[in-house]
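Before any comments, here is the structure.
Every read-out reported here was derived from the displayed coordinates using simple, explicitly stated rules and does not represent laboratory data. In this text the structure is predicted, and so the values were computed from the model without any measurement. Counting neighbours? That spans all protein chains shown, and the Cβs are built from the backbone with ideal geometry, glycine included.
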Amino acid sequence: MLGLTIPASAAGPNYVALGDSYSSGVGAGDYGSSGDCRRSANSYPQLWANSHGVSSFSFVACSGARTGDVLSKQVSALSASTTVATISVGGNDAGFADVMTDCTLGSDQSCVDRVEVAKDYARNTLPGLLDNVYSEMRDRAPNAEIIVLGYPKFYKLNGSCSVGLSETKRAAINSGSDTLAEVTAKRAADAGLTFVDMRGPFTGHEICSGDRWLHSLVWPIIESYHPTKEGQALGYLPALNAVTD
């Protein structure tokens, strides 16, 4: 039929994936030509794009990204035509990479102390930084469903690990994950965004569980404490699907 117009609703999503290493897919392999950003073909953004018939997909998440990096290097990918945007950010700002290093190399008390520093930062400094990111995302993509994905807990306590960090260190690190999730959930809610808490989906799949979806200390070192290929496909992707399908 001449002059047939396809309704806008029939078009696929215009999807933009922002964030840090948990969004870029560090730990899931197959990074192609993405260099230090390590954008994995097995990451949840790529898997979601593959399965949702997207009209456009801009994958700008990058390993190591902090809130400032998102503002300076990533939000420009958003526009009024963006219909879905996802992000994970905040862990690097709060210093959780340093937490894992200190807890791996130091004493129980030094680990607990370092986690408390990170938790204090998450409670008192991170909220304003997240507010800036979420506000800028909404301003640039006023028509988008914006979804903030959190981080899982790292350890199953009293689990199957016979070596590695002590239970004291594992519990401290988990408490840091809890604080980060609580702060991020509150800031996302106050901004009117959708928050996806990843602690639930990863329950029973933490390090020291019988079916883990997270790397422990591995080589290359940058993949340590990140989701595996299974963690992206069986943890993050279904959690994102649950709020978009």
Let me know the shape class of the stretch 115-171, please: from the alpha-carbon gyration tensor, a ≥ b ≥ c as square roots of the eigenvalues, rounded when a/c is under 1.5, otherwise prolate if a/b is greater than b/c, or oblate.
-> oblate
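Determine the gain in length on full extension of the stretch LYS186-ASP139; use 0.36 nm per residue of separation and subtract their C-alpha separation, reporting nm with one decimal. Before the final figure, lay out the partial values.
Values: separation 47, 0.36 × 47 = 16.92 nm, distance 1.93 nm.
The LYS186-ASP139 span can extend by a further 15.0 nm.
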If you take the beta carbon distance between THR125 and ASP211 as r and set R0 to 35 Å, what does 1/(1 + (r/R0)^6) give as a FRET efficiency, to the nearest 0.05?
-> 0.45
Just going by the charge dipole of the chain, with Lys and Arg at +1 and Asp and Glu at -1 on Cβ, which of MET137, LEU18, SER33 is farthest out on the positive end?
-> SER33
Dipole magnitude (debye, nearest 20) for the chain, charges at Cβ of Lys, Arg, Asp, Glu = 260 debye
For LYS73, the aspartates and glutamates lying under 18 Å Cα to Cα, once residues fewer than eight places off in the same chain are dropped, come out as ASP20, ASP36, ASP93, ASP131, GLU136, ASP139
Which FRET efficiency, nearest 0.05, do ASN158 and THR244 yield, Cβ-Cβ r, R0 45 Å?
-> 0.80
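Assuming 0.36 nm per residue, please report the length gained on full extension of the stretch ARG199 to LEU105 beyond their Cα-Cα distance.
Details: separation 94, 0.36 × 94 = 33.84 nm, distance 2.56 nm.
Full-extension gain reported as 31.3 nm.
Would you mind working out the magnitude of the charge dipole of the stretch 194-245 relative to its Cα centre, with +1 at each Lys and Arg C-beta and -1 at each Asp and Glu C-beta, to the nearest 20 Debye?
Details: 3 positive and 6 negative charges, 14 e Å.
Using only the charged Cβ atoms, the result is roughly 60 debye.
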Over what distance in Å are the Cα centres of the stretch 164-207 and the stretch 42-79 separated?
-> 22 Å
State the answer as a single residue: which of VAL148, HIS52, GLN232 lies farthest towards the positive end of the charge dipole of the chain, with beta carbon charges of +1 for Lys and Arg and -1 for Asp and Glu, about the Cα centre.
-> HIS52
What shape does the stretch 101-212 have by the C-alpha gyration tensor, where a ≥ b ≥ c are the square roots of the eigenvalues, rounded means a/c under 1.5, and otherwise prolate means a/b greater than b/c and oblate the rest?
-> oblate
